[in-house]
Amino acid sequence: MDEEVASPDTSQTTFENGSDSADSSQEATNGDGGGISIRDRLQTESSGGVFTNKDLVRSDTIIDEDRIVGRDDQLGRVVDNLKPVLQNEGIPDMLLSGPSGTGKSLIIHAVCKQIIELCESQDKTFGVLSINCEGPKTADRAVYRLVKAAADDLGVDPGVPQTGVSTDQKLERLYELMREYYDGVIFILDEIDMLEGPYQEAEYNSLIYQLSRARKLADFDGPISLTTITNYADFMKDLNSRAQSSYNPDDIFFDDYDANQLRSILRNRRDAFKPDSLTDDVVPLVAAFGSQTHGDARKAIDLLRWAGELAERRGADTVTETDVRDAQEKYTENRKLRHISGISTQKKLSIYAVAATASYAREHPEWIPAGPAFKTYQFIADTMDADQYSRETFVNHVTEQSTYGVLDFERRGKGRGRGVHMYFSLSEDPETIMETIREDSRFEDLAQEEATISAVVRERLNQFRSKN
């Protein structure tokens, strides 16, 4: 079975230089056999409309301080910590911890925005070098993103390539940009706990160690702060001794919002909508749903925006309780399973093998060794008469899904001379993952092979354990 099957698609549009299909009046065929002009559709105003400034109900928008609700203590501490920058005095490192959607990123960026403006009024340049650590995964990539953030802020060339040079060279370029252009700098490492890397010791240790000593290492005269953001209250306990010795932050905890605070947050963003476009029950209902998801303001704000978008799609000029409930239903759909439904055949096959190994193992292990899972993949591929790829490709297909929250993975050493083994841990119930994949007609017959696959899984696991 091929991984990707090309099929004729008469409605597909190709936009290439010189192509006839790139005509500005391009039409797409609708279900009735007629045509619609893409440009006309894009330029036609919606018959309804409830928003005046949709950015106010985007959770990543940096808002003004008068819209920050229920975080007076945390806001005050961040302000007090960064205020000395204005007198060119030293500033402390900070750790902002607490559940997702409780205002950590919101507050640090809102305060930094004001610091930047006040520094500009004093003819000083304050650099806010912020990255989200979920993407880079390794310290080397994270350092390059900091270099890129500084270069983009300053309008200069990064000066180092993303690959082909050492992490130390990238750090030196970062320090060079700091010395040449900035009077003060704050590093903001959001979701720092995601910077784990491929080895046993998490890579956030080395990055924290380097950046917490940046003033000395960079020979930088101005104030520097390293601010890390995490959902885990006990993050400091996971640092190694070197990182702990150099990083002593002011630990600022953000607790969950309650329903009353969520209502205040949402009311402070009502001007994202046209006057009288929200019925009276919309904000209380959104806040109630938000408080049920552990007081996550980000999700509540997104839910309010989705409700407005649903109202606009039906051409309405009012957002109602029904729109909120429909938006909540949309939100509660399992995104991970929906993602699995849309991946390629080979990736489904790889994930199915991992799920089957977890499901059919006698002990139902939390962590699944890659070796037996790969052997299961080979057997299932034979059963389906599908192409088989190498173990490296199989592992790449599986570990890629960590980006989408489907699973985690780690490498574990088995002791001197015994090598290192890869392990996977699924974030969803293995049987549910298998059922989702079997909804694809190419996999539906695997339900009839349960006994055989189960026997293969247990045999491979027994062999793995006997050798390790």
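Taking R0 as 25 Å, what's the FRET efficiency between residue 458 and residue 392 from their Cβ-Cβ distance, rounded to 0.05? With R0 = 25 Å, the Cβ-Cβ based efficiency is 0.50. Pull out a ≥ b ≥ c, the square roots of the eigenvalues of the alpha-carbon gyration tensor of the range 135-202, then state rounded if a/c is under 1.5, prolate if not and a/b is larger than b/c, and oblate in the remaining case. Prolate shape, in that a/c is at least 1.5 and a/b is the bigger ratio. For residue 114 and residue 89 in one chain, what is 0.36 nm times their gap in residues minus the Cα-Cα distance, to one decimal in nm? Gain on extension, residue 114 to residue 89, equals 7.3 nm. The lysines whose alpha-carbon is closer than 22 Å to the alpha-carbon of residue 113, local same-chain residues fewer than 8 away aside, are 54, 83, 104, 124, 148. Most simply put, the chain has about 40% antiparallel DSSP beta bridges, counting only bridges with both residues inside it.
What length, rounded to one decimal in nm, is gained on full extension from residue 325 through to residue 166, with 0.36 nm per residue of separation minus their alpha-carbon distance?
52.1 nm
For the range 340-448, applying the loop criterion from DSSP together with a ceiling of 13 other beta carbons within 10 Å to the trypsin sites (Lys or Arg not before Pro) yields 362, 414, 416, 418.
The length gained by stretching the chain between residue 441 and residue 412 to full extension, at 0.36 nm per residue less their Cα-Cα distance, is 6.8 nm. Assuming charge only on the beta carbon of Lys and Arg (+1) and of Asp and Glu (-1), the dipole of the range 286-425 about its Cα centre is about 720 debye to the nearest 20. Largest first and in whole Å, the equivalent-ellipsoid semi-axes of the chain read 40, 35, 24, each the square root of five times a Cα gyration tensor eigenvalue.
In the chain, what percent of the accessible surface is made up of carbon and sulfur (1.4 Å probe, ligands and nucleic acids excluded)? Walk me through the numbers on the way to the answer.
Values: 10100 of 24120 Å².
Here it works out to 42 percent.
Placing +1 on each Lys and Arg Cβ and -1 on each Asp and Glu Cβ, with no other charges, gives the chain a dipole about its Cα centre of roughly 1560 debye.
On average, how much accessible surface per residue is there in the range 77-150, in Å², for a 1.4 Å probe, leaving out ligands, DNA and RNA? Don't skip to the end; give the middle numbers.
Details: 2890 Å² over 74 residues.
Ligands and nucleic acids excluded, the result is 39 Å² per residue.
Ordering 259, 150, 457 by the projection of their Cα atoms onto the charge dipole of the chain, which places +1 on the Cβ of Lys and Arg and -1 on the Cβ of Asp and Glu, puts 457 at the extreme positive end.
Taking the Cα centre of the range 256-341 as reference, the dipole from Cβ charges on Lys and Arg (+1) and Asp and Glu (-1) amounts to some 360 debye.
Between residue 467 and residue 270, take the C-beta separation as r, use R0 = 56 Å, and let me know the FRET efficiency to the nearest 0.05.
On the way: r = 63 Å, r/R0 = 1.13.
Efficiency for this residue pair is about 0.30.
The values are calculated or read from the model by the stated rules, or taken from the named source; none is laboratory data. What you see is a predicted model, and the numbers here were worked out from it, not measured in a lab. All Cβ positions, even for glycine, are placed from backbone atoms using ideal geometry, and neighbour counts span all protein chains on display. Areas reflect the complete protein model, heavy atoms only, side chains present, ligands, DNA and RNA absent. Shrake-Rupley method; radii C 1.70, N 1.55, O 1.52, S 1.80 Å.
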